[in-house]
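Following: one structure in structure tokens, then a few remarks.
The values are calculated or read from the model by the stated rules, or taken from the named source; none is laboratory data. From a predicted model like this one, the values you see are computed outputs, not experimental measurements. For neighbour counting, all protein chains shown are included, and Cβ atoms are generated from backbone atoms with ideal geometry for every residue, glycine included.
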Amino acid sequence: MIAPDPAARAAFAKGVLALAADRPWREVTIFDIAKAAETDIASLAGLAPSDASDILDDHFDRAAAQGVTSIDTTQGLRDRLFDLAMRRFEAMEPHRFAIIALDRTQDGLGQAQAFARAGRTARWLLTLAGETVDGVDGAAKVQGLAVVLTRAHAAWKNDADGDFTRTMAALDKGLRDAETWAERLGLKTRTKEGG
């Protein structure tokens, strides 16, 4: 069970990010996370160290939306998605080593779960960008963006600390390719394409 309380999720994320870069993750307990988060164990009821990746993805999805108050209709969909995804990567950057350390603990199942989480992030970013995610067309857009985000995440891990050159290049190429495929497949979009 994932704790629905946003404060508990934020505290859990804080604890995970404080610990993940410095300790083998399999050795971390919920008590360690509570201590690192400077919170009592009861506030983390329903959470376990195995929830770390889910909670962190939710944490950074929220960060992508911080300060977003409306859809910028002067930009095309590709540009809006690029900006939102980069906001997310920028929020991740101070925690680079913790995130990479957690990624290294993933086995085959963990990698499949990571792609499912990328799908949730893609759905959220498309929604923030003002795009519909309903029906067959919406599912195709979500899956396509999930692939783009997964590749950009891999590029981000190989970027130098604080340098987003590879991340931005992978994201830009992926979004352009996705836009081309969407046009070829005749996917309906609510907002104008381009950028």
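Figures for the structure shown
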item: Single condition ALA45 does not satisfy, out of (1) more than 18 Å from PHE97 (Cβ to Cβ); (2) surrounded by fewer than 16 Cβ atoms within 10 Å (Cβ to Cβ); (3) free of Cβ contacts under 8 Å to residues at least 40 places away in the same chain; (4) more than 22 Å from the chain's Cα centre (by Cα); result: (3)
item: Single residue of THR127, THR180 found to be under 20 Å from ALA63 (Cβ atoms), part of a helix (DSSP H, G or I) and of a type outside the set (Phe, Trp, Tyr); result: THR127
item: Which numbered condition ASP32 fails, given (1) under 18 Å from PHE60 (Cβ atoms); (2) in a helix (DSSP H, G or I); result: (1)
item: Contacts under 7 angstrom Cβ, first residue in segment 62-78 being in the same structural domain as GLY138 (by TED's automatic domain parsing) and over 12 Å from GLU131 (Cβ atoms), partner part of a loop (DSSP other than H, G, I, E, B) and among the charged types (D, E, K, R), 6 or more apart; result: none
item: When residues of segment 119-134 are limited to those that are without any contact (Cβ under 8 Å) to a residue 60 or more places away in the chain and among the aliphatic types (A, V, I, L, M), the one surrounded by the fewest Cβ atoms within 10 Å (Cβ to Cβ); result: VAL133
item: Test: LEU47 is touching an Asp or Glu at 6+ places or on another chain (Cβ under 6 Å) and farther than 19 Å from PHE115 by Cα; result: no
item: Residue count for segment 54-106, restricted to those that are under 19 Å from ARG176 (Cα atoms) and aliphatic (A, V, I, L, M); result: 5
item: Filtered residue count, segment 48-76, keeping only those that are within 14 Å of the chain's Cα centre (by Cα) and of a type in the set (Ser, Thr, Tyr); result: 1
item: Residue selected from segment 35-69 under the condition among the β-branched types (Val, Ile, Thr) and part of a helix (DSSP H, G or I), by the criterion farthest from ARG120 (Cα to Cα); result: ILE41
item: Residue within segment 83-100 that is touching an Asp or Glu at 6+ places or on another chain (Cβ under 6 Å) and of a type in the set (A, V, I, L, M, F, W, C) present; result: no
item: Selected residue [surrounded by fewer than 15 Cβ atoms within 10 Å (Cβ to Cβ) and either among the acidic types (Asp, Glu) or part of a helix (DSSP H, G or I) (or both)] from ASP137, ASP103, ASP83, ASP161; result: ASP161
item: Pairs, first in the same structural domain as ALA91 (by TED's automatic domain parsing) in segment 157-186, second of a type in the set (Ser, Thr, Tyr), C-beta under 6 Å, six or more apart; result: ASP159/THR167
